[in-house]
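Chemist: Sharing a structure with you now.
The values are calculated or read from the model by the stated rules, or taken from the named source; none is laboratory data. Here the structure is a predicted model, which is why all the values come from computation and not from measurement. Backbone-built Cβ (ideal geometry, glycine too); neighbour counts: all protein chains shown.
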Amino acid sequence: MDLSDGLADAVRQIAEASSVGASIDAAALPIDPDAHAWFASRGADPLHEAIARGDDYELVVAVRPRSGGRLLTAQRHGGVPLTRIGVCTAEREIVLRGRSGDAAWPRGYSHFR
């Protein structure tokens, strides 16, 4: 799924469509250092802004563990970096795991707010 409406929205849609939850590792999220500095300089939480805002034109995918080898093969041949940011869970909630504990997953970007 593309992240044009943000990671929060995409993860929520994948989880709902698949009847699963997710555990996302905050430390694994690839936030550009310049974006981190820009949000921080404006008093905003860089992690929340990176998750909840839109216009990030990347993809997020969910892959069954037994299919991971095929994904790595595609990565090697395609030359596209992949970052594992979490796992799907049987529990239906989406949790952001961080150093200071778990946090609720933000709602994400909405065109009609």
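Chemist: On the given criteria, is ASP45 out of contact with any Cys (no Cβ under 7 Å at 6 or more places or on another chain), more than 22 Å from THR89 (Cβ to Cβ) and modelled with pLDDT under 90?
Modeler: no
Chemist: Based on what the data block shows, is ALA74 touching a residue at least 12 places away in the same chain (Cβ under 8 Å), out of contact with any His (no Cβ under 7 Å at 6 or more places or on another chain) and surrounded by 10 or more Cβ atoms within 10 Å (Cβ to Cβ)?
Modeler: No; evaluated as a whole, the condition is false for this residue.
Chemist: Which of the residues spanning the range 77-90 are in contact (Cβ under 8 Å) with a residue 12 or more places away in the chain and either among the small types (Gly, Ala, Ser) or surrounded by 11 or more Cβ atoms within 10 Å (Cβ to Cβ) (or both)?
Modeler: Within the range 77-90, ILE85, GLY86, VAL87, CYS88, THR89, ALA90 meet the criteria.
Chemist: Does PRO46 satisfy the condition of being of a type outside the set (Gly, Ala, Ser) and under 12 Å from the mean Cα position of the chain (by Cα)?
Modeler: It is false that PRO46 is of a type outside the set (Gly, Ala, Ser) and under 12 Å from the mean Cα position of the chain (by Cα).
Chemist: Continuing with this model, one more query. Across the range 14-33, which residue is modelled with the lowest pLDDT among those that are of a type in the set (Val, Ile, Thr) and under 17 Å from ILE51 (Cβ atoms)?
Modeler: Filtering the range 14-33 for residues that are of a type in the set (Val, Ile, Thr) and under 17 Å from ILE51 (Cβ atoms), the one modelled with the lowest pLDDT comes out as ILE31.
Chemist: Quickly run through the range 7-19 and pick out the residues that are more than 18 Å from TYR57 (Cβ to Cβ) and surrounded by fewer than 17 Cβ atoms within 10 Å (Cβ to Cβ).
Modeler: Answer for the range 7-19, where residues must be more than 18 Å from TYR57 (Cβ to Cβ) and surrounded by fewer than 17 Cβ atoms within 10 Å (Cβ to Cβ): GLU16, ALA17, SER18, SER19.
Chemist: I would also like to ask the following. Considering only residues that are in contact with a helix residue (DSSP H, G or I) (Cβ under 8 Å, 6 or more places away or on another chain), in contact (Cβ under 8 Å) with a residue 60 or more places away in the chain and not in a helix (DSSP H, G or I), which ones fall in the range 21-43?
Modeler: If the condition is that a residue be in contact with a helix residue (DSSP H, G or I) (Cβ under 8 Å, 6 or more places away or on another chain), in contact (Cβ under 8 Å) with a residue 60 or more places away in the chain and not in a helix (DSSP H, G or I), then GLY21, ALA22, ILE24 are the ones that fit.
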